[in-house]
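Report on the structure given below.
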Amino acid sequence: MSKLIRRYSDGERLNHWALAIFFFLAGLSGLAFFHPSLFFFSHLFGGGAWARILHPFLGVLMVLSFLGLFFRLWKDNLFDERDREWRRNAGRMLRGDKAGMPPVGKYNAGQKTVFWLMVLSLLVLLVTGFMFWRPWFAPYFTIGVMRVAVLLHSIAAVVLVLTVIVHIYAAIWVKGTVRAMTRGTVSEAWARQNHPLWHREVTQGK
Ligand code: HEM
């Protein structure tokens, strides 16, 4: 077993799992209203009325917990010129040829894209959600505006759910990644293979 390297602090991991829990709670209570065939999800929350009351609060808690991670990690997710090269080669990587990939820092361009899709969809969910949150905020908006808000809210929810599916799939697909969020550490071999520039930075301080 190669040496272990710290990738996330305890605080970052707690923050991430709080976010994941609120995502599933907000998502399941929201799906209950997405289509009648999904209304059974409301039973998880004590019935339709309770799901309706709790959903916006769960959504706000999800956004607040994302903010915690956002302020810790946004700088590491800024795109740079190396990402263009990575994106051009992404097809080869998906076919299993990792060796041809350009060297990557803490996050690759795929992870960065997932990060900014989460930012965008959560922002749209938050703003539009307030616009039809009865009884407090909805009276400030006309019915026409609220209808557009509901549509954008649903589209942003679909984008976020698909993005999280890709996020979880990628975390499982790249062996040795999940432990970064369960233990806080990764093996040196994982770091060298998947994030060589980050590996050099943490081991040699460059
Ligand atoms: C069971 C579900 C989940 C699993 C197994 C999981 C797994 C992981 C893992 C392993 C990492 C570390 C990746 C790395 O350091 O290379 C990570 C990072 C992260 N996860 Fe999750 N995650 C889950 C759910 C979520 C959800 C629901 C969200 C957001 C709605 C989320 C947002 C993030 C963010 C923002 C990062 C930091 C990556 C970055 O800054 O680019 N995760 N996750």
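The values are calculated or read from the model by the stated rules, or taken from the named source; none is laboratory data. Being a predicted model, the structure only gives us computed values, none of them experimental. Keep in mind that these areas ignore ligands, DNA and RNA; they rest on the heavy atoms of the full protein, side chains included. Shrake-Rupley method; radii C 1.70, N 1.55, O 1.52, S 1.80 Å.
Numbers at a glance
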item	result
Heavy-atom accessible surface of the chain: percent carbon and sulfur, 1.4 Å	70 percent
In order through the range 56-73: 3J(HN,Hα) via Karplus (6.51 cos²θ - 1.76 cosθ + 1.60), integer Hz, x for Gly, Pro	x, 5, 5, x, 5, 5, 5, 5, 4, 6, 5, 4, x, 6, 4, 5, 7, 10
Inverse of mean 1/r across different Cα pairs in the range 8-73, Kirkwood, Å	12.4 Å
Difference of contour (0.36 nm per residue) and Cα-Cα distance, Val166 to Arg6	55.2 nm
Computed lengthening from Leu38 to Leu14, 0.36 nm per intervening residue step minus Cα-Cα distance	5.6 nm
Dimensionless Rg over Rh [the chain; C-alpha; Kirkwood]	1.04
Stretchable slack from Gln204 to Phe71, in nm (0.36 nm times residue separation minus alpha-carbon distance)	45.3 nm
